[in-house]
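A short write-up of the structure that comes next.
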Protein chains: 2
Amino acid sequence: MQHSMLGGKRLRGALVMRSAAAFGLDPTHVMPAACAFEMLHAATLVHDDLPCIDDSDLRRGRPSCHAAFDEHTALLAGDALIIASFGRLATLGRTCDPARSLRVIEEFAAFSGAAGLIGGEQADIIGEGLAPDGELLRYIHENKTAKLICAACRTGAILAGASEPQIETISDYGMALGLLFQVTDDILDVTGDEDVLGKPTGADADADKQTYPAAIGLEGARDEARELAARAVEIAADLPGEVEFFQSIAELVVIREK
Amino acid sequence: MQHSMLGGKRLRGALVMRSAAAFGLDPTHVMPAACAFEMLHAATLVHDDLPCIDDSDLRRGRPSCHAAFDEHTALLAGDALIIASFGRLATLGRTCDPARSLRVIEEFAAFSGAAGLIGGEQADIIGEGLAPDGELLRYIHENKTAKLICAACRTGAILAGASEPQIETISDYGMALGLLFQVTDDILDVTGDEDVLGKPTGADADADKQTYPAAIGLEGARDEARELAARAVEIAADLPGEVEFFQSIAELVVIREK
């Protein structure tokens, strides 16, 4: 569990904390939620790397969990990380409103489960080898990646007591940022440097996955990324507080190399 | 997910509801928690049956999840069931006190995670092929099986607003019942009928697992089961309300054939 928690950009955790701060809550009060997002994210990477899914031996520049230990350890470490992420969320009641904390847990489960991240992973596997399909591609990207990033943004806002329209605004920002993140992930699988990325490149093409470069070409994917970033920046302008953080994150993701 | 939720004895769900009722709460108010225990339990069976752990093709009298579908589907279905179990728990705030609901989620994670059920599973695998070791055996049984059954008993009591001494009493009952359940599980792996059990027998001996029959023989294991049942019955006498239910469950587990 520890092995697989090290490294990473901590994007999701940072979004939870910055979103809480934007709506006036001390970000240290939402630290358990920030940790929970990073733990759940790490768990999905551990399981994703297993032989029965992506069979990938490299992650965050180090051996993936099953490569460092063994397959059953990686399976159970992933399970324990998922469980621990909810265990952390359940401690939110000590620093935040209990009813808001319960809503956050319910949303975390909804955005990460069968109708969210896990559903997107299954669709990702089902889509392997199929002809490029824009609707399926969008479903995969929204669910596999964008929903958890969106949930991170919503979580800080909910815990801070933001109004429903404010939560919807940061939710729209999170979906745009999340889609942007996955489009650039697709692009980096084609153009990225394995040493910088810390994971193998070319894996999507090898598995014949549904990706933006496969569907609309590398230039089309780059246009899509720039459009999504522009949309995220525009939505972020309506947020209170630290607008610059949310805007610059979107601009950084477009040019990210890892 | 649906495939793996069908069948089963619903012992854990029943304990949640009966425990709530014993302490004066309408058991329908804790239905989400009862479902959560059954979902988490089903998820651990799905992952336990995978080729990298027990490699078992039969469960609850039907093909196990990866046998009915495929390995990645079983992996993701298990993940989604774990997540969904917490999603259900998070809805408890609608019928129960929010602070108690958060405590239940925190305990559910603690009893099922790395320091509970999942840790017990890892120890179970590590123990394969080692000489029988009473301390390790006890650790495995307590964590792999007893803690979730104990948590089910605690959950109903906590949600019903039982006092801390009352929660400790039903907790002790749950640990005794849980240990009893696993000892009889060990025995049935030796003496059981595969058609009645709905899962393969002889698997523990094949994998050279830490079990009571391996450590102290079949008769020793049966004595241990009778002792644990007697202890559970004795503790249950101190519970309020439906003492008979808790006592008869312990007596039924001793003679169970599935």
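The values are calculated or read from the model by the stated rules, or taken from the named source; none is laboratory data. If you're wondering where the values come from, they're calculated on a predicted model, not measured in any experiment. All Cβ positions, glycine included, derive from the backbone under ideal geometry; neighbour counts span all protein chains shown.
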Looking at B:251, B:168, B:219, can you tell me which residue is farther than 30 Å from residue B:98 by Cβ, out of contact with any helix residue (DSSP H, G or I) (no Cβ under 7 Å at 6 or more places or on another chain) and not aromatic (Phe, Trp, Tyr)? B:219
Check on residue A:123, at pLDDT 95 or above and surrounded by 20 or more Cβ atoms within 10 Å (Cβ to Cβ): no
Given (1) in contact with a His (Cβ under 8 Å, 6 or more places away or on another chain); (2) hydrophobic (A, V, I, L, M, F, W, C); (3) crowded, with 23+ Cβ neighbours inside 10 Å, number of the condition residue B:16 does not satisfy: (1)
Quick one: which residue in A:136, A:130, A:92 is within 14 Å of another protein chain (Cβ to nearest Cβ) and modelled with pLDDT of 95 or more? A:92
Which residue, of A:224, A:242, is modelled with pLDDT of 95 or more and farther than 21 Å from residue A:7 by Cα? A:224
Out of B:78, B:24, sole residue that is among the small types (Gly, Ala, Ser) and under 29 Å from residue A:54 (Cβ atoms): B:78
Filtered residue count, segment B:137-170, keeping only those that are in a helix (DSSP H, G or I) and without any contact (Cβ under 8 Å) to a residue 24 or more places away in the chain: 6
Only one of B:77, B:99, B:34 is of a type outside the set (D, E, K, R), within 13 Å of chain A (Cβ to nearest Cβ) and either on the phi > 0 side of the Ramachandran plot or surrounded by 23 or more Cβ atoms within 10 Å (Cβ to Cβ) (or both); which? B:77
In segment A:171-181, how many are over 20 Å from residue A:215 (Cβ atoms) and free of Cβ contacts under 8 Å to residues at least 60 places away in the same chain? 1
With the first residue restricted to segment B:182-205 and required to be over 17 Å from residue B:125 (Cβ atoms), and the second required to be aromatic (Phe, Trp, Tyr), Cβ contacts under 6 Å at 6 or more apart or on different chains are B:183/B:212
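Residues checked against (1) among the aromatic types (Phe, Trp, Tyr); (2) touching a strand residue (DSSP E or B) at 6+ places or on another chain (Cβ under 8 Å); (3) farther than 23 Å from residue B:87 by Cα:
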{"site": "A:13", "(1), (2), (3)": "no, no, no"}
{"site": "A:18", "(1), (2), (3)": "no, no, yes"}
{"site": "A:24", "(1), (2), (3)": "no, no, yes"}
{"site": "A:27", "(1), (2), (3)": "no, no, yes"}
{"site": "A:31", "(1), (2), (3)": "no, no, no"}
{"site": "A:64", "(1), (2), (3)": "no, yes, yes"}
{"site": "A:68", "(1), (2), (3)": "no, yes, yes"}
{"site": "A:108", "(1), (2), (3)": "yes, no, no"}
Only one of these conditions is not met by residue B:196: (1) over 15 Å from the mean Cα position of the chain (by Cα); (2) at pLDDT 95 or above; (3) closer than 27 Å to residue B:35 by Cβ; (4) part of a helix (DSSP H, G or I). Which number is it? (2)
